[in-house]
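This report refers to the structure that appears directly beneath it.
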Amino acid sequence: MSEKTFEELLQEEEINELKKGKVLEGTVFEKDDDGIWVALEGATGDVFVRSDELLKNISEYNTNDKITVKVVKTNDAEGFNTASEKRAKAEKILDDIEEDSIVNAKFNQRLKKGYEVLINDAVRAFLPGSLSLLRPDDPMPEGKVKVEVISKRGRKLVVSRRGVKEQAIKEIYDEYKENMVVEGIVESVKDFGAFVKLNDHVTALIPRSEANWDKINDIHEILSEGDKVRGVIINLDKENKKISISLKQMKDDPWEHVEDKFPKGTIHKGTVTKLFPFGFTVKLDDGIEGLVHESEVFWARKGRITDVVSLNDVVEVKVLDIDKENRRMSLSYREAIGNPWEDIDENYHEGNVVKGTVEKILPNGAIIKLEEGLTGFLHVSELSWNFIDNVEEALKEGEKVQVKILNIDKDNKKIKLSIKQAKENPWKKVSEEVKVGDTLKGKITRFAGKGAVVLIDDYDVEGFLPGARATEEKVENIEDELNIGDEIEGKVLNIEFENDEKRGNLIISVYDLIKEKEKEESIKAMKEMNEDIED
């Protein structure tokens, strides 16, 4: 065997020399409670690796296991050397890391101007606050996050989360195309639309007009935070990083086949969606809505839309016209229910007593609704067998009443009605039961002329009490002596009744009744006195 040269011996000595910072392979030959002993290959001496410098728990290491460590400290005098498995791994990771690379990291601690993060649980790096995507008060994220290495100076690394996000967004926008179907979660709902989170980095907008084929007044009625939605991309602005998606375009346009589903002249059920002074709208199907103009609501005089329908009512309407291009439909409510005047001869006759509803109060009477599209006029003179001065005091809109049909003018579509003639004329009974000289009781209802009107008990008719005969003594002003509501008793001075179709006339007198009673008492007293004298 040839002898080694001096240079070879020197080189071998350098290889075997144990130095701080060297990364070497070794074999586990002994375990302690607080670490393991490793015999190094290619160097003289053994090293001790404490448990906190190991990558695994001590119990997971076995004798003869291979391990890579980095020499941390040498002590030739005592022969005790220490090493770290963690630092060896960090050394290798650090060697493999390049600027602009994307790596996994974990937040370790908050620093004055940012955060310390651990790359692959081994290499420390600095994450500036301005590049962290966090606000000062935000908690540090848990678990692994992606970071970009933006600077490597020896062992010092600076990383950024913002760069990762920008890169991810770019990749996403490169992947997305118009007409692509995407899914997301509604983050917030505004009056103009809803924001949908498609992934961790991209949010899209659903414009209010694209949420549904129906016309939407309040998008909150159909979308809420947390809803999972599926839509199609209708606008992709890669430069400004904006995406708009449509929910309604996931379904066929209902107007595409509207003429097949709702032909002109056909009658369909729908729901009242809006009320206007000039009409109302009816929804026939999803996205299909038509207008019923006021001219197609009433067969007779125009009235109030709210007296005919209310929101959400289900009604029948007839399709009059379809403007497919402008998405408009004209509907008729009155033609769907039919013209009541066409068969009025079969349903109504003069002299009939029918039920109706007070639709409108007028100064000279009231409009009475007999059925949808059919109304009649009630003159103030036909309200009561008594005198009515104010119609509003006798009737209320919406009140149910019984009326007698006095006249039907089919040509001019007019009906005359009477409430008073729907029941027997009370004056007929008065004329049969009451005569001049009788005593009647009643209540003062109002003052008229130089007297008072009295509602007669038991007969529901009004009599007149002249002021000159209202009290025992004559007074200039009856209102100074009596009040509305006062109960009075009087003698019938006059009664007139012409026929069943007219009111009668009744005049009573309190004065005459008092005088009559005084006379009777006087006569009685005289009689009693004469009887005493005879006795």
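A few notes on this one:
- Flag for Val403 being of a type in the set (A, V, I, L, M), open to solvent by less than 60 Å² (accessible area, probe 1.4 Å) and either within 30 Å of Asn494 (Cβ to Cβ) or in the same structural domain as Glu289 (by the TED database) (or both): no
- Filtered residue count, the range 32-65, keeping only those that are open to solvent by less than 80 Å² (accessible area, probe 1.4 Å) and in a strand (DSSP E or B): 11
- The one condition from (1) free of Cβ contacts under 8 Å to residues at least 40 places away in the same chain; (2) crowded, with 17+ Cβ neighbours inside 10 Å; (3) more than 19 Å from Val164 (Cα to Cα) that Gln109 does not meet is (2).
- All of (1) in contact (Cβ under 8 Å) with a residue 60 or more places away in the chain; (2) within 24 Å of Glu382 (Cβ to Cβ) hold for Ile508 with one exception: (2).
- For the residues Lys92, Lys152, Lys156, the requirement of being open to solvent by 70 Å² or more (accessible area, probe 1.4 Å) and without any contact (Cβ under 8 Å) to a residue 60 or more places away in the chain singles out Lys156.
- Residues satisfying the stated conditions in the range 482-517, i.e. under 18 Å from Asn425 (Cα atoms), exposed (fewer than 13 other Cβ atoms within 10 Å of the Cβ) and not acidic (Asp, Glu): Asn499, Lys502
- Considered as a group, the residues in the range 385-399 that are within 24 Å of Glu371 (Cα to Cα) and in contact with a strand residue (DSSP E or B) (Cβ under 6 Å, 6 or more places away or on another chain) include one that is surrounded by the fewest Cβ atoms within 10 Å (Cβ to Cβ), and that residue is Glu392.
- Any hit, the range 1-21, residues being touching a strand residue (DSSP E or B) at 6+ places or on another chain (Cβ under 9 Å) and modelled with pLDDT of 80 or more: no
- Top-ranked residue in the range 254-264 [being of a type outside the set (Lys, Arg) and open to solvent by 40 Å² or more (accessible area, probe 1.4 Å); ranked as nearest to Trp213 (Cα to Cα)]: Glu256
- Some residue of the range 441-449 being open to solvent by 60 Å² or more (accessible area, probe 1.4 Å) and in contact with a helix residue (DSSP H, G or I) (Cβ under 9 Å, 6 or more places away or on another chain): yes
- Exclusive hit being hydroxyl-bearing (Ser, Thr, Tyr), assigned to a helix (DSSP H, G or I) and open to solvent by 30 Å² or more (accessible area, probe 1.4 Å), set Ser224, Ser209: Ser209
- Subset of the range 406-416 [in contact with a Lys or Arg (Cβ under 7 Å, 6 or more places away or on another chain) and either surrounded by 14 or more Cβ atoms within 10 Å (Cβ to Cβ) or in a helix (DSSP H, G or I) (or both)]: Leu406
The values are calculated or read from the model by the stated rules, or taken from the named source; none is laboratory data. If you're wondering where the values come from, they're calculated on a predicted model, not measured in any experiment. No Cβ is skipped: glycine too gets one built from the backbone with ideal geometry, and neighbour counts run over all protein chains shown. Protein only, heavy atoms only, side chains kept; ligands, DNA and RNA dropped before computing areas. Shrake-Rupley method; radii C 1.70, N 1.55, O 1.52, S 1.80 Å.
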